[in-house]
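Structure record follows, encoded as structure tokens.
The values are calculated or read from the model by the stated rules, or taken from the named source; none is laboratory data. In this text the structure is predicted, and so the values were computed from the model without any measurement. Here Cβ is always computed from backbone atoms with ideal geometry, including for glycine, and neighbour counts include all displayed protein chains. The protein model used for the area step is the full one, side chains on, heavy atoms only, and it has no ligands, DNA or RNA in it. Shrake-Rupley method; radii C 1.70, N 1.55, O 1.52, S 1.80 Å.
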Amino acid sequence: MTLTTVRRGRATWERALGWLSVGLVALSIGMVFLYAPSDRVQGAVQRLFYLHLPAAWLAYLSFFIIFLCSVAYLVRRQPRWDRLARSAAVVGFVFTTIVLLTGSIWGRPIWGTWWTWDARLTTTLILWFIYLAYFMLRAWVRDTERAARYAAVLGIVGFVDVPIIHMSVRWWRTLHPEPIVVRAEGPAMPESMLLTLAITLVAFIVLYLVLLIEAYRVERMKDELAELRLQLSG
Amino acid sequence: MQDSMIYLFVGFFVTWLIIGGYLLSLRRQVDAVGEELEALRRERNPTSIVRLSPTDTIDASRLATPEEG
């Protein structure tokens, strides 16, 4: 045996964050099923709200990160900003998919349909397609610097959809309910539901960080790999 | 009510399946790209000792023993 096998490890704080997310997710699931009261009108299916809302906020957050990183990349031209934007895009795509699926599953027993071309649903689907376009653009443009530049422009333009999604329930007549948590008059739900939502939101944020850190690690290693291949071929 | 519960469980199942699957795919990518990186580093500089970052760990059971040379 001539070579030492190296196993890529993770920093202690990263492992701690991972275990924290596991604990918080377990706590939030327990609270959703055992602590939060059932909705009188919708029944048990209303508990999907505790997945749907945090996932939606994190999908918006992802696009906000992409927006900031895209601006930073176009100004500074440092690859790390592009790398972070790429990582946030993948994680954001995952959370947007969850929003669409949980919304559809929730809508079936309440609205009687899996899908309707409602303003909120349609603008969220557009967000999902913007993410998809972002990946396709990167895959099609061969030159990495040019791909990063084009993707940054799409990341900035695509962010426009986020405030439109948020305002869609006010601007158009929709089937989707108006916000019940973030509103001028204060949240329109009992404290036990709010506490459950708060815990679930914290669990999702920690989980989001774990996924973002891991996605960033993958992107950094892929960049390193591409650079090394270039060195060896040249 | 019974139907409502089915939708609730399907929603939770789908969500955690997606998140779990994505996390697993990330871990696999880290391992696969990491292995490829190490191979290319060795190819670039065959006599060099593998560089370790402060967060890397060595699997002690895989180290060469004196008998093996």
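Computed values, structure above
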quantity: Net charge of Cβ neighbours under 13 Å - reference A:Ile126; Lys, Arg +1; Asp, Glu -1; calculated: -1
quantity: Overall dimensions of segment A:45-178 by Cα: Rg and Dmax, Å; calculated: 15.9, 50
quantity: When segment A:26-74 is reduced to its Cα atoms, the Kirkwood hydrodynamic radius in Å; calculated: 13.0
quantity: Descending Cα extents along the principal axes, segment A:174-228, whole Å; calculated: 56, 28, 18
quantity: Karplus-derived HN-Hα couplings along segment A:82-98 (A = 6.51, B = -1.76, C = 1.60, θ = phi - 60°), whole Hz, x at Gly and Pro; calculated: 5, 4, 5, 4, 4, 5, 5, 5, 5, 5, x, 4, 4, 6, 5, 4, 5
quantity: Protein-only accessible surface order, largest first, of A:Leu209, A:Leu137, A:Leu48 at 1.4 Å; calculated: A:Leu209, A:Leu137, A:Leu48
quantity: Helix A:161-171 axis, angle to chain A major axis (alpha carbon atoms, nearest 10°); calculated: 10
quantity: For A:Trp171, net neighbour charge (Lys/Arg +1, Asp/Glu -1) across residues whose Cβ lies under 13 Å away; calculated: +1
quantity: Percent of alpha-carbon pairs separated by more than 27 Å within chain A; calculated: 44
quantity: 37 °C / 0.692 mPa s Stokes-Einstein diffusion coefficient of segment A:130-230, Kirkwood radius on C-alpha pairs, µm²/s; calculated: 187
quantity: Nearest-10 value in Å² for the accessible area of A:Phe64, using the 1.4 Å probe; calculated: 90
quantity: Rg to Rh, two decimals, where segment A:116-173 supplies the alpha carbon set and Rh follows Kirkwood; calculated: 1.11
quantity: Where N is the number of residues in segment A:84-158, Cα Rg divided by 2.2 N^0.38 Å; calculated: 1.32
quantity: Probe 1.4 Å, accessible area per residue of the protein assembly as shown, Å²; calculated: 55
